[in-house]
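Some notes on the structure that comes next.
The values are calculated or read from the model by the stated rules, or taken from the named source; none is laboratory data. This structure is a prediction, so every number in the text was calculated from the model and none was measured. Neighbour counts are summed over all protein chains in view; Cβ atoms, including those assigned to glycine, are modelled from backbone coordinates with ideal geometry. These accessible areas exclude ligands, DNA and RNA; they are computed on the full protein's heavy atoms, side chains included. Shrake-Rupley method; radii C 1.70, N 1.55, O 1.52, S 1.80 Å.
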Amino acid sequence: MSTIVVVRKGQTACIAADTLTTFGDTRLDNTLDRNHSKIQTFGKTHMGIVGSAAHALVTERALNDKELAADFSSREAAFDTLIRLHPVLKENYFLNAKDSEEDPYETSQIDSVFINSNGIFGLFSLREVYEYTRYWAVGSGASYALGAMHAVYDRYKSARDIARAGAEAGATFDTSSQLPLTFKTVRLRESGKL
């Protein structure tokens, strides 16, 4: 698992992620993994995905395919992208879309947060898409990260410093997350009132 956070403050949005990959009890840290960044870039969107390590390469291939026409510019555009992506994941990449009998929809097995100049967002395995006003976190270290970001949000001036506090808390307390962190920052089109 992981700790990946997104923050918006003033005219800036930031995504931060730890750099540890785990396979059960085996840990692959950043010194042994050439591709240790959990932040992927699709056009002008920076995305961090949690769950299976296989998601990174699969989503990189699928979302960079021009035919998919991936668009994460808004909540609605991201949802439409996920609708187009799901059959591609099943047909081209052999996604196991079965999770629980109680789930109302097939799962894409992917949870993620992302930033672009339009804001900070999260998308989840049943194709839920959220737009956040301040911050959010995903992964096994998310609860630690959310608590840390809540504690510092009004005291810190920069989105990057708030994101660092959250991701560092996850890396400190979650056994499946580890420093160093990677960051991406974008300027927001509208700062809003935050």
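Selection of segment 134-154 for residues being assigned to a loop (DSSP other than H, G, I, E, B), open to solvent by less than 90 Å² (accessible area, probe 1.4 Å) and closer than 19 Å to Gly10 by Cβ yields only Tyr153.
I'd like to know if segment 155-173 contains one or more residues that are at pLDDT below 95 and either in a loop (DSSP other than H, G, I, E, B) or within 13 Å of the chain's Cα centre (by Cα) (or both). So that I can check it myself, show each step before the final result.
Within segment 155-173, the first condition is being at pLDDT below 95, and the residues that meet it are none.
No, segment 155-173 contains no residue that is at pLDDT below 95 and either in a loop (DSSP other than H, G, I, E, B) or within 13 Å of the chain's Cα centre (by Cα) (or both).
Only one of the numbered conditions (1) among the hydrophobic types (A, V, I, L, M, F, W, C); (2) in contact with a strand residue (DSSP E or B) (Cβ under 7 Å, 6 or more places away or on another chain); (3) surrounded by fewer than 19 Cβ atoms within 10 Å (Cβ to Cβ) is violated by Ile39, and that is (3). Pull up segment 120-133, narrow it to residues that are aliphatic (A, V, I, L, M) and assigned to a strand (DSSP E or B), then point me to the one that is farthest from Ala62 (Cα to Cα). Top of the filtered list is Ile120.
Sort out for me the strands (runs of 3 or more DSSP E) sitting completely within segment 1-63 that have 3 or more residues that are within 20 Å of Asn118 (Cβ to Cβ), at pLDDT 95 or above and touching a helix residue (DSSP H, G or I) at 6+ places or on another chain (Cβ under 8 Å). Before the answer, list the steps.
Details: elements: 4-9, 12-17, 21-23, 26-28, 39-42, 45-50.
It comes to 4-9, 12-17.
Is it the case that Ile83 is in contact (Cβ under 8 Å) with a residue 40 or more places away in the chain, open to solvent by less than 70 Å² (accessible area, probe 1.4 Å) and under 25 Å from Glu131 (Cα atoms)?
Judged against the criteria, Ile83 is not a match.
Results for (1) open to solvent by less than 50 Å² (accessible area, probe 1.4 Å); (2) polar (S, T, N, Q), shown as yes or no for each residue.
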site	(1), (2)
Thr26	no, yes
Asp33	yes, no
Ser52	no, yes
Thr59	yes, yes
Asp65	no, no
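Selection within segment 75-119: residues that are aromatic (Phe, Trp, Tyr) and part of a loop (DSSP other than H, G, I, E, B). The member of this set that is farthest from Ala54 (Cα to Cα) is Tyr105.
Answer yes or no as to whether Asp174 is charged (D, E, K, R), open to solvent by less than 50 Å² (accessible area, probe 1.4 Å) and farther than 26 Å from Val88 by Cβ.
Yes; evaluated as a whole, the condition is true for this residue.
When residues of segment 143-174 are filtered for being hydrophobic (A, V, I, L, M, F, W, C), touching a strand residue (DSSP E or B) at 6+ places or on another chain (Cβ under 8 Å) and in contact (Cβ under 8 Å) with a residue 24 or more places away in the chain, how many remain? Working first, answer last.
First, pick out the residues of segment 143-174 that are hydrophobic (A, V, I, L, M, F, W, C): 145-146, 148-149, 151-152, 159, 162-163, 165, 167, 169, 171, 173.
If we keep only those that are touching a strand residue (DSSP E or B) at 6+ places or on another chain (Cβ under 8 Å) as well, we get 145-146, 149, 159, 162-163, 167.
Those still in the list that are in contact (Cβ under 8 Å) with a residue 24 or more places away in the chain too: 145, 149, 159, 162-163, 167.
Counting residues in segment 143-174 that are hydrophobic (A, V, I, L, M, F, W, C), touching a strand residue (DSSP E or B) at 6+ places or on another chain (Cβ under 8 Å) and in contact (Cβ under 8 Å) with a residue 24 or more places away in the chain gives 6.
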